[in-house]
Amino acid sequence: METAMETLAVQKDTARKVRAVRAVGTRAVLAELSGTQDVLALQALLLEKPLPGQLDILAAAETVLVKADSPASARRIAARLLQLDLTAPVQRGGELVVIDTVYDGEDLAEVGRLTGLGAEGVIAAHSGQVWTVAFAGFAPGFGYMVGENQQLEVPRRGSPRTAVPAGSVALAGNYSAVYPRRSPGGWQLIGRTDARMWDLDRDQPALAAPGHRVQFRPVRAAVTLAGRSVEEPGAPEPAGQDVTSGLRIVSPGMLSLVQDLGRHGHSGLGVSAAGALDRASLRRANRLVGNATSAAAVETVAGGLKVRAVRDQVLAVAGAPSRLTIESAPDSAGDTRHRTVPMATPFALLDGETLSLGAPHSGFRSYLAVRGGVDTAPVLGSRSTDTMSGIGPAPLAAGQVLAAGGEAESGVVGHPELQPEYPGTGVTVLDVVPGPRADWFDQAALDAFTGQDWSVLPQSNRVGMRLDGTPLQRSRQGELASEGTVAGAVQIPPEGLPVLFLADHPVTGGYPVIAVVVDTQLDLAAQVPIGGRIRFRWTESDPNLAPASPDATPEPAGTEHATPDEEVSN
């Protein structure tokens, strides 16, 4: 691996600016740019000199998404983005990554025909230039690389493959990429490599991160790196079989996962935040047992979870209300006793006792906290399971033992707390603000979006809630270039049925976002059960969030706004 300095500059005399800024919910904005070079320039500027309140950025084909720590910061960032000059050269270090490649892809001949270069010409053109990783997306370690010329511009395949092997070197549009894991895909395959594009054992998991330069080097046979396959690693081994204090999983129920408040700040690597879907319930359960509110706990759906204490433990369950039953360890005669404990109240689970969570009376997700927190190895700063990317602990399995850690921050447990009402069989109303692509729909479609009840389909999961109802029609034809998105975004695929993104959503999406659920109601959305109904309601959008004119004057850095939703979400 070699190191060099890279200069990203726009070679024009006139100033280059952000074309427009669109609100994405209340805590993020989307900067629209004229092309890839401006995307690279803005990304470099924001990495070099973050704006006040900037939490994370995500570059895409024609946009840069900026996440903020509050609605007030989002307003200030929107104004400042429009004032940035993208013509000034931006110096940044860019590592040169050399990737040994066997050019024997299934689509090599077809790419040769489409470009008129022939197979050998494609190999020469691909390996004879330096590619720059412009942005990441689709999957962790999947970097969209732009070349030095347009010789290899080709369309995606007409019919995507259901499974592309890990390590496949591919082309689509003006981009090249390497598939880091086996996954569906429609790019043209021209070769393969044994290079591990994503490896959590490295300090920098992505071999080629945004800003890196990449040189593909032709080889006759794939090199096996230390005997390791490029295929994605298997599921993590069940943890804690030799744990001396914690919880043994007797039954995981339908689905139980370890979750905390998520891994933020890694969307540029293609990694979503993940974390508890109902953040308030996670915090409540942790408070009750004396933990830091961000400690890892168990998120479980629809009841059925059973855990047995390994040594005496202090627990609390918050979230979807259900019957909590404790069965004692057998006495000398083999008899057991049963008792119930209340929700949102700390209680002891003595060594050998078993706690069972019944089916929720309302809501969908419950959170089980153990004093000290669930102790698993952090990945990118979080213990959360990301079901889409496979990062974090595997789903809990019978027989597994979760260790209780040392994250108790109080010498005492908390007082019992009142819980909010949770969604049942009725209609749950969610407040939304217009999405960045609401202009892809006419007024009739916007009225239909809020004028009907949407049913939550069984295909819903932590990635997104799939909704059923009367399909919405777009008023604009064509395809939308992939762009950054957020939890709470409501995408409308071509069939017209909404998908509400949740915590494990892909960091980029290619369908228009008609609306975004306000951040303060994402916990409520996460508790709507399968078969439940949702009605969306427009809430007043802040006209100052995205200034319409590039001549708007940015506010001074110290300007503060008194807003009712100023609380920062973790």
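A few points about this structure:
- Extreme residue, farthest from V271 (Cα to Cα), among residues of the range 424-453 that are modelled with pLDDT under 95 and open to solvent by less than 40 Å² (accessible area, probe 1.4 Å): G426
- For the range 424-450, filtering for residues that are closer than 19 Å to E495 by Cβ and in a loop (DSSP other than H, G, I, E, B) leaves 4.
- Restricting the range 153-165 to residues that are modelled with pLDDT of 90 or more and assigned to a loop (DSSP other than H, G, I, E, B), the residue that is farthest from the chain's Cα centre (by Cα): E153
- Qualifying positions in the range 63-91 - surrounded by fewer than 19 Cβ atoms within 10 Å (Cβ to Cβ), of a type outside the set (G, A, S) and not in a strand (DSSP E or B): D69, Q83, D85, T87, P89
- Reported count of residues in the range 382-409, each being outside any loop (DSSP other than H, G, I, E, B) and open to solvent by 30 Å² or more (accessible area, probe 1.4 Å), is 1.
- Among the residues making up the range 295-339, those that are assigned to a loop (DSSP other than H, G, I, E, B), among the polar types (S, T, N, Q) and over 33 Å from the mean Cα position of the chain (by Cα) are S328, S332, T336.
- Of the residues making up the range 454-473, those that are in a loop (DSSP other than H, G, I, E, B) and open to solvent by 20 Å² or more (accessible area, probe 1.4 Å) number 10.
- Within the range 397-417, residues that are farther than 22 Å from T345 by Cβ have Cβ atoms under 7 Å from residues that are of a type in the set (K, R) in these pairs: V401/R248, counting only partners at least 6 apart in sequence or on another chain.
- Qualifying residues in the range 302-338 (those that are open to solvent by 10 Å² or more (accessible area, probe 1.4 Å) and aliphatic (A, V, I, L, M)) - the one farthest from S382 (Cα to Cα): A333
- Given (1) out of contact with any strand residue (DSSP E or B) (no Cβ under 6 Å at 6 or more places or on another chain); (2) more than 24 Å from V486 (Cβ to Cβ); (3) in contact (Cβ under 8 Å) with a residue 40 or more places away in the chain, number of the condition S127 does not satisfy: (1)
- The listed residue being within 25 Å of G137 (Cβ to Cβ), loosely packed, with under 14 Cβ neighbours inside 10 Å and at pLDDT below 95, out of E560, E540, E495: E495
- Looking only at the range 2-57, and only at residues there that are modelled with pLDDT of 85 or more and of a type in the set (S, T, Y), the one that is farthest from V98 (Cα to Cα): T26
- Test: A481 is open to solvent by 30 Å² or more (accessible area, probe 1.4 Å), closer than 27 Å to A273 by Cβ and either among the basic types (K, R) or part of a loop (DSSP other than H, G, I, E, B) (or both): yes
- One residue stands out in the range 140-152 among those that are assigned to a loop (DSSP other than H, G, I, E, B) and open to solvent by 20 Å² or more (accessible area, probe 1.4 Å): the one that is nearest to D194 (Cα to Cα), namely G147.
Results for (1) free of Cβ contacts under 8 Å to residues at least 40 places away in the same chain; (2) open to solvent by less than 10 Å² (accessible area, probe 1.4 Å); (3) assigned to a loop (DSSP other than H, G, I, E, B), shown as yes or no for each residue.
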position: R181; (1), (2), (3): no, no, yes
position: I190; (1), (2), (3): no, yes, no
position: R196; (1), (2), (3): yes, no, yes
position: L200; (1), (2), (3): no, no, yes
position: Q204; (1), (2), (3): yes, no, yes
position: P210; (1), (2), (3): no, no, yes
position: V214; (1), (2), (3): no, yes, no
position: R217; (1), (2), (3): no, no, no
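- When restricted to residues that are under 30 Å from I391 (Cβ atoms) and open to solvent by 50 Å² or more (accessible area, probe 1.4 Å), the range 360-381 contains 5.
- Residue match in the range 237-247 (condition: closer than 21 Å to A295 by Cβ, assigned to a strand (DSSP E or B) and at pLDDT 90 or above): yes
- Tally of residues being in a helix (DSSP H, G or I) and open to solvent by 10 Å² or more (accessible area, probe 1.4 Å) across the range 285-294: 1
- Condition met for S168 (among the hydroxyl-bearing types (S, T, Y) and either at pLDDT 95 or above or open to solvent by 20 Å² or more (accessible area, probe 1.4 Å) (or both)): yes
The values are calculated or read from the model by the stated rules, or taken from the named source; none is laboratory data. No experiment lies behind these values; they were computed from the predicted model shown. As a convention, Cβ positions derive from the backbone with ideal geometry for all residues, glycine included, and neighbour counts pool all protein chains shown. Quick note on the areas: whole protein, heavy atoms, side chains included, nothing else; ligands and nucleic acids left out. Shrake-Rupley method; radii C 1.70, N 1.55, O 1.52, S 1.80 Å.
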